[in-house]
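K.L.:
One structure follows; several queries about it will come next.
The values are calculated or read from the model by the stated rules, or taken from the named source; none is laboratory data. This structure is a prediction, so every number in the text was calculated from the model and none was measured. Using ideal geometry, Cβ is built from the backbone for each residue, glycine included, and neighbour counts are taken over all protein chains shown.
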Amino acid sequence: MENYNYPNAILITAGHVDHGKTTVVHALSGTWVARHSEELKRAMTIKLGYTSINLSKCDDAEFSVAPSYLVEKCPNGEQPKPYRKISMLDAPGHEVLISTMISGVTFVDAVIMIIDATMPVPQPQTEEHFLAASVMGINNLIIVQNKIDLVPKEKALENYKQIQSFIRGTWAEGAPIVPISALHKVNIDALATIIDEKVPPKPIDVEKPPIMYVLRSFNVNRPGTPVEKLVGGVVGGSLIQGRLRVGDDIEIRPGLKIGNTYKPINTKAVSIAMDNVQLEEARPGGLVAIGTKLDPALTKADSLVGSVVGHPNQLYPVYTSIVLDYHQIQRRDMKDQLKANDQVMAIIGSASIPGIVKSMRNSSIEVMLRKAVCAPPGSRAVIIKQVGGRWRITGWGALIDGQTVLD
């Protein structure tokens, strides 16, 4: 750990599909995060991708920091100084995947909103992702005006003014707008410097019990691996508090459904990795992969996404229904209010769970969940439903009650 530059903040991309989010992440990190086979075939982000941005510092440069892989020498001829590392989540922009984007926003420190300079502002998912950041309480936004290489100066300026108009009068008014070409890596040093200035290192508390939200889970064994070389399943995500060490006993909730109840999954952390570097411990600020002794069948194909990991008997309650102190969002394109028996999706932490509205009373709403969720009282939940064939955010609320199966 002493020689590893540990990430000290987490960012997430947002914006409409095809605006170049993954290309922006590549320009910042040097890594192409769309690795899933279906993503490569369809040329779109489907799952949450993640990587790290390594920044180097040149004190005499116009923009003081830049992605390390882009800087060979500083303007004065000196070697750039390794400066800081930031974790980066790449969220899908397609409307049917809005729940994936919202679950990623749960614990990030800032949102990088990508806007295509060739298109009018806002596009539908630009608006939806901005609303998601708003209801999740995000108050740190950096706007990237991408693809400026594809439009004349006048068109770029018109698009810039549309962006300003879009955020005027909102919590994001005055947010920095950085024009770039991610494809040609133009102004990436300016973007990196703005990120460094606007996203300070995250304060961490390693003394609290560890809590980690699971964003991905894997079977890392290739087909045909000999039995003696098989390794246990892997869960990936981010700690919001505390620390996990190699050798720790861990519990995963909600766990396995047995009859009408749930049984937590207990195992051991046998390895911890970040950026393909093996570490002795995980702590808040970065995205890590925890190797376990679990049967890989339990972790394959993201089957544990939405779970919470921590030390045994120190995790949150598990709910099969939730009652929220609910805030309905008034939208010009949604006239119908949420009502009993509506089918919805509830997004809490990193979990996206189908459910049915059981009742609505005054300012509260009860949702019966199709599978359980592990969450602390007071958690912020977002409710989305299909309207005209599209998933739309209808409202949000704090978890105030519910039916529990584990305490």
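K.L.:
Out of the residues in the range 294-335 that are in a helix (DSSP H, G or I) and not aliphatic (A, V, I, L, M), state the one that is farthest from residue 354 (Cα to Cα).
P.N.:
The residue in question is 296.
K.L.:
Collect the residues in the range 299-312 that are farther than 12 Å from residue 214 by Cβ and either of a type in the set (Gly, Ala, Ser) or modelled with pLDDT under 95 (or both), keeping them in residue-number order.
P.N.:
300, 301
K.L.:
Follow-up. Is there a residue being within 21 Å of residue 58 (Cβ to Cβ), touching a Phe, Trp or Tyr at 6+ places or on another chain (Cβ under 6 Å) and at pLDDT 95 or above anywhere in the range 198-216?
P.N.:
Within the range 198-216, none of the residues are within 21 Å of residue 58 (Cβ to Cβ), touching a Phe, Trp or Tyr at 6+ places or on another chain (Cβ under 6 Å) and at pLDDT 95 or above.
K.L.:
Does residue 155 qualify as being touching a Ser or Thr at 6+ places or on another chain (Cβ under 8 Å) and of a type in the set (Lys, Arg)? Lay out the reasoning, then the answer.
P.N.:
Working: touching a Ser or Thr at 6+ places or on another chain (Cβ under 8 Å): yes; of a type in the set (Lys, Arg): yes.
When the stated conditions are applied, residue 155 passes them.
K.L.:
Still on this structure, please answer the following. Please verify whether the range 146-159 includes one or more residues that are closer than 20 Å to residue 286 by Cβ and either in the same structural domain as residue 254 (by TED's automatic domain parsing) or surrounded by 19 or more Cβ atoms within 10 Å (Cβ to Cβ) (or both).
P.N.:
Looking for residues that are closer than 20 Å to residue 286 by Cβ and either in the same structural domain as residue 254 (by TED's automatic domain parsing) or surrounded by 19 or more Cβ atoms within 10 Å (Cβ to Cβ) (or both), one finds none in the range 146-159, hence no.
K.L.:
For the range 369-390, which positions are modelled with pLDDT of 90 or more and surrounded by fewer than 16 Cβ atoms within 10 Å (Cβ to Cβ)?
P.N.:
370, 371, 376, 377, 378
K.L.:
Does the range 175-214 hold any residues that are in a loop (DSSP other than H, G, I, E, B), surrounded by 19 or more Cβ atoms within 10 Å (Cβ to Cβ) and of a type outside the set (A, V, I, L, M, F, W, C), and which are they?
P.N.:
187, 210
K.L.:
Residue pairs, Cβ under 8 Å, 6 or more apart or interchain, first in the range 269-293 and within 15 Å of residue 211 (Cα to Cα), second outside any strand (DSSP E or B) and among the hydroxyl-bearing types (Ser, Thr, Tyr). List them.
P.N.:
Listed pairs, sorted by first residue: 283/6; 285/6; 286/6.
K.L.:
Which residues, taken from the range 110-125, are surrounded by 20 or more Cβ atoms within 10 Å (Cβ to Cβ) and more than 22 Å from residue 87 (Cα to Cα)?
P.N.:
Those that are surrounded by 20 or more Cβ atoms within 10 Å (Cβ to Cβ) and more than 22 Å from residue 87 (Cα to Cα): 116, 117, 121, 122, 125.
K.L.:
Cβ-Cβ under 7 Å, sequence separation 6+ or interchain: first residue in the range 69-80 and assigned by TED's automatic domain parsing to the domain that holds residue 192, partner basic (Lys, Arg) and surrounded by 10 or more Cβ atoms within 10 Å (Cβ to Cβ). Which pairs?
P.N.:
So the pair list comes out as 70/185; 79/73; 80/57.
K.L.:
Moving to a separate point now. Note down all Cβ pairs under 9 Å where the first residue falls in the range 51-65 and is crowded, with 18+ Cβ neighbours inside 10 Å, the second is of a type in the set (Val, Ile, Thr) and part of a strand (DSSP E or B), and they're at least six residues apart or on different chains.
P.N.:
Listed pairs, sorted by first residue: 52/86; 53/86; 54/86; 55/65; 55/86; 56/65; 57/65; 58/65.
K.L.:
Output the helices (runs of 4 or more DSSP H) that fall wholly within the range 64-172 and possess 1 or more residues being farther than 26 Å from residue 53 by Cα and small (Gly, Ala, Ser), or say none.
P.N.:
Output list reads 153-167.
K.L.:
Still on this structure: Which residue is surrounded by the fewest Cβ atoms within 10 Å (Cβ to Cβ), if the candidates are limited to the range 358-368 and must be in contact with a strand residue (DSSP E or B) (Cβ under 6 Å, 6 or more places away or on another chain) and of a type outside the set (S, T, N, Q)?
P.N.:
The selected residue is 358.
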